[in-house]
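The structure under discussion appears below in the form of structure tokens.
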Amino acid sequence: MLSLMAAFAYMSLVGVTYVSQRTILYPGASRAPAPEPASWGESVSIRTPDGETLYGLYSRGKPGKASVLFFLGNADRIGNYDFLAEALAARGIGLLAISYRGYPGSTGTPSEAGLLIDGLAAFDWLSGHSGSEIVVLGQSLGSGVAVNTARKRPASAAVLVSAYLSVLSVAQARYPFFPVSLLLKDPFRSDLRIAEVKQSKLFIHGRRDTIIPLSSGEALYAIASEPKQMLIYDSSGHNDLWDARMVSDIVRFVEALE
């Protein structure tokens, strides 16, 4: 009887986790409208090939200067990056940040397939409006969107912040007693895509990261092709990376491409 009860409890827990996994993976998803006024840049709407409308903020760069296409983490908001937009604008560099489908200001429901479409749609929109080279920047969950975008589109480089080998591998480490490979809907297999990213790559990771361990980012870096470089911030974790040092490192990397 105890064995049956334990088995029932385990299967119930697995079932609840399976049903709620996208709520766990996309905690920032919300039907909230886009904030008015925006904290930085110009509010833009981007149509995706499958009929969704994405909310974005765009700061136009100077003619001949690169633009950065920013894919955020899973609980973040594009309005939080006025400091990045200002730092890039001071050097003439543009910035487009998008709110994924299902996130504030955008239509739809988030999924891996949907977010990868969003990344490509955002790149195509920026390519048509900036007329300059584009550097894709992805943080945490957004690193997987950035990897896919860089392999599918002619980005000049990729910056991968707190990147993972795959969401699958991170989930397997976090839930070792669950059959994660059978249950996970959105595995974000950057490990299977990074080899196709031939552009220059900058990896940035905090040594104290407990959300996406440094070992996961290092594993992705190890299988990435040259040219590549990795910066490890010894005193930083997952949510405290953004400071003047990191902004300077990103600006330096982008300007070195010119």
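The values are calculated or read from the model by the stated rules, or taken from the named source; none is laboratory data. Keep in mind that this is a model prediction, so the values were computed, not measured. Neighbour counts run over all protein chains shown; Cβ positions are idealised from the backbone, glycine included. In case anyone asks, the SASA skips ligands and DNA or RNA and just uses the protein heavy atoms, side chains included. Shrake-Rupley method; radii C 1.70, N 1.55, O 1.52, S 1.80 Å.
Provide the percentage of antiparallel DSSP beta bridges, counting only those with both residues in the chain; round to the nearest 5.
Numbers: 11 of 36 bridges.
The antiparallel proportion sits near 30 percent.
Over region 169-258, what is the mean sequence separation of C-alpha contacts under 8 Å (at least six apart), divided by residue count, expressed as relative contact order in percent? The partial results should precede the final answer.
Details: 86 pairs, mean separation 25.5, N = 90.
It comes to 28 percent, rounded to a whole number.
How large, in percent, is the carbon and sulfur part of the accessible surface of the chain at a probe radius of 1.4 Å? Don't jump to the answer; show the numbers that get you there.
Working: 6710 of 11580 Å².
Percent of accessible area from carbon and sulfur atoms in the chain: 58.
Work out, step by step, the length gained on full extension between ALA256 and GLU42: first 0.36 nm times the residue separation, then minus their alpha carbon distance; give nm to one decimal.
The span from ALA256 to GLU42 would gain 74.4 nm if fully extended.
Tally the DSSP beta bridges in region 125-257 and give the antiparallel ones as a percent, rounded to 5. The partial results should precede the final answer.
Details: 0 of 16 bridges.
Restricted to region 125-257, the bridges split so that about 0 percent are antiparallel.
Work out, in µm²/s and without decimals, the Stokes-Einstein translational diffusion coefficient of region 23-69 at 4 °C, 1.567 mPa s, Rh from Kirkwood over C-alpha pairs. All intermediate terms of the calculation are to be shown ahead of the outcome.
On the way: Rh = 13.2 Å.
This corresponds to a translational diffusion coefficient of 98 µm²/s.
Using only alpha carbons, build the gyration tensor for the chain and give me the equivalent ellipsoid semi-axes, biggest first, whole Å.
Values: eigenvalues 203, 91, 52 Å².
So the equivalent ellipsoid measures 32, 21, 16 Å along its semi-axes.
With a sphere of radius 15 Å drawn around the Cβ of SER235, what net charge do the other residues whose Cβ falls strictly inside it have (Lys, Arg +1; Asp, Glu -1)?
Details: positive: ARG207, ARG208, ARG245; negative: ASP209, ASP234, ASP240, ASP243, ASP249.
For residues surrounding SER235, the net value is -2.
Note the full-extension length gain between SER235 and VAL247 as 0.36 nm times their separation in residues minus their Cα-Cα distance, in nm to one decimal.
Details: separation 12, 0.36 × 12 = 4.32 nm, distance 1.60 nm.
Difference between extended and current length: 2.7 nm.
In Å and whole numbers, how far do the C-alpha atoms of region 143-258 stretch along each principal axis, longest first?
47, 33, 19
From the convex hull of the Cα coordinates of region 81-144, what is the mean projected area in square nanometres? Display every interim value, and only then the final one.
Values: hull surface 19.2 nm².
It is 4.8 nm².
Restricting to DSSP H runs of at least four residues, report the calculated mean residue ellipticity at 222 nm for the chain, -39500 (n - 2.57) per run over all residues, nearest 500 deg cm²/dmol.
Estimated from H runs of four or more residues: -12000 deg cm²/dmol.
Please report, ordered by residue number, every helix of the chain (full DSSP H runs) that is 15 Å or longer along its axis going by C-alpha atoms and whose mean Kyte-Doolittle hydropathy reaches 1.0. Each step should come with its number before you reach the end.
Values: long enough: 2-25 (33 Å, 1.23); 112-130 (27 Å, 0.55); 141-152 (18 Å, 0.13); 244-256 (18 Å, 0.66).
Qualifying helices, which must be both long enough and hydrophobic enough, are 2-25.
Relative contact order for the chain: what percent, with Cα pairs under 8 Å and sequence separation of 6 or more?
Working: 509 pairs, mean separation 39.4, N = 258.
Rounded, it is 15 percent for the chain.
Taking 0.36 nm per residue of sequence separation and subtracting the Cα-Cα distance, how much length would be gained by fully extending the chain between ALA113 and ASP82, in nm to one decimal? Numbers along the way, then the final one.
Details: separation 31, 0.36 × 31 = 11.16 nm, distance 2.85 nm.
Extending this stretch completely gives an extra 8.3 nm.
Please give the FRET efficiency for THR23 paired with PHE177, using the beta carbon to beta carbon distance and R0 = 25 Å, rounded to the nearest 0.05.
Values: r = 20 Å, r/R0 = 0.82.
Efficiency, rounded to the nearest 0.05: 0.75.
Enter the accessible area per residue of the chain (Å², integer; probe 1.4 Å; all protein chains in place).
Details: 11580 Å² over 258 residues.
Accessible area per residue: 45 Å².
Scaled to the compact-protein estimate 2.2 N^0.38 Å, what is the alpha-carbon radius of gyration of region 114-174, rounded to two decimal places? Working shown, then result.
Values: Rg = 12.5 Å, N = 61, 2.2 N^0.38 = 10.5 Å.
Normalised by 2.2 N^0.38 Å, the Cα Rg of region 114-174 equals 1.19.
At what distance in angstrom do the alpha carbon centres of region 203-258 and region 148-170 lie from each other?
12
Taking the chain, how many lysine pairs are there with alpha carbons less than 27 Å apart, if each pair must be eight or more places apart or span two chains?
Count of close lysine pairs: 14.
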